[in-house]
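*Asks:* There's a structure below that I have some questions on.
The values are calculated or read from the model by the stated rules, or taken from the named source; none is laboratory data. Not measured: the values here are computed from a predicted model. Methodologically, a virtual Cβ is constructed for each residue, glycine included, from the backbone with ideal geometry; neighbour enumeration extends over all protein chains shown.
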Amino acid sequence: MNLVKLISTSYDNATKRLVKFYRNGKDDVQTSIESGPYGTDANPIKDMIGVYAATGVKGETVLLGYLNKNQLAEPGEHRLYSTNAQGSLQTYVWLKGNGDILLGGDAYHLTRYEQLKTGFDQLKQDFNTLITLYNAHVHPIGSPSTGPTPAVGTASTADISQSKADTLKTL
């Protein structure tokens with residue numbers, strides 16, 4: 001088993017990722033297939049240090065993984081992240097040990113659309129009922145009044161349905 005420096009990646013018949021790397025210095029350029037956990041597709045950037053090993057079949061080798069430069073997860077946590085080609089963090093999904101899931105940060109909260117819509121619809125209905133009662137109480141222009149005639153209220157047409165993110169779901 002060796003630690004190797006990554007040069008680039010490509011695909012073999014669009015099914016296997018091939019990794020080109022320096023094995024024993026700049027004059028020893030080799031290519032091997034990459035192995036990884038099932039269900040995960042992550043393409044490493046140039047200059048990552050990989051773990052290279054021979055298999056039981058002569059001439060067949062495999063890159064087992066990479067030495068992670070961006071480890072932040074605490075015990076029991078799992079973090080998925082992406083970088084640009086220079087290695088700068090772009091975004092992440094972080095499954096925290098306390099049960100939180102961070103999607104790219106922790107500055108804002110996600111909402112449960114259905115519960116938010118239920119509360120919003122009730123508030124809208126209550127507001128529109130108040131407008132109806134208010135308009136029934138307003139004195140029409142020209143009728144006897146003890147003060148100025150207020151403007152007529154208008155029912156709410158507020159709608160949050162466009163805020164629903166169909167591709168982002170939570171419990």
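*Asks:* So for segment 25-37 (the condition being surrounded by 12 or more Cβ atoms within 10 Å (Cβ to Cβ), part of a loop (DSSP other than H, G, I, E, B), modelled with pLDDT under 90 and not hydroxyl-bearing (Ser, Thr, Tyr)), does at least one residue qualify?
*Replies:* Yes, the conditions are met somewhere in segment 25-37.
*Asks:* Show the residue pairs meeting these rules: Cβ distance below 6 Å; 6+ apart or different chains; first residue within segment 78-106 and in the same structural domain as residue 168 (by TED's automatic domain parsing); second residue assigned to a strand (DSSP E or B) and at pLDDT 90 or above.
*Replies:* Pairs found: none.
*Asks:* Moving to a separate point now. When segment 82-124 is examined, which residues are found to be among the charged types (D, E, K, R) and assigned to a loop (DSSP other than H, G, I, E, B)?
*Replies:* 96, 100, 106, 112
*Asks:* When you scan segment 42-65, how many residues do you find that are assigned to a loop (DSSP other than H, G, I, E, B) and closer than 17 Å to residue 85 by Cβ?
*Replies:* 7
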